[in-house]
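Okay, so here's the structure we're looking at.
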Amino acid sequence: MTVDPRIVELELALLKAPTRSDPDFLDAVLDDDMIEFGKSGHEYDKRSILAALTASEDGPVPDDHLEMTNIRAVQLAPEVVLLTYRLRPKTGNAVASLRSSVWSRRDGNWRLVFHQGTRAAS
């Protein structure tokens, strides 16, 4: 399947400063009912994600030491796409993870409705 490149751009923007800590960007991209199962084992909703990401502008963001590889997309419905990929360490200190995101296009805009990160072997 050819994935709308905007989905990958949005996913990457969630890993990069300054968009990662931009409350307006996050509010526009994260669906109101969004849920995340983090690689930590914790569950997050939009409100908790906004609070965590906008409160912390210090330190490296994931894109500073990880790269997105093995990108795949599956169309689940006409306006719904499952995006899966691997975040791979660029340095020895980062933890690799497998990621999956469900994106839904509403009113012409892609919104993240679900995300999961799972620790993976490097």
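The values are calculated or read from the model by the stated rules, or taken from the named source; none is laboratory data. Every value quoted in this text rests on a predicted model; they were computed, and no experiment measured them. Methodologically, a virtual Cβ is constructed for each residue, glycine included, from the backbone with ideal geometry; neighbour enumeration extends over all protein chains shown.
Restricted to region 17-104, the set of strands (runs of 3 or more DSSP E) holding at least 3 residues that are at pLDDT 90 or above and charged (D, E, K, R) comprises 30-37.
Pairs linking a residue in region 77-93 that is among the hydroxyl-bearing types (Ser, Thr, Tyr) and crowded, with 16+ Cβ neighbours inside 10 Å to a residue that is assigned to a strand (DSSP E or B) and modelled with pLDDT under 85, with Cβ atoms under 6 Å and 6 or more positions apart or on different chains, do not occur.
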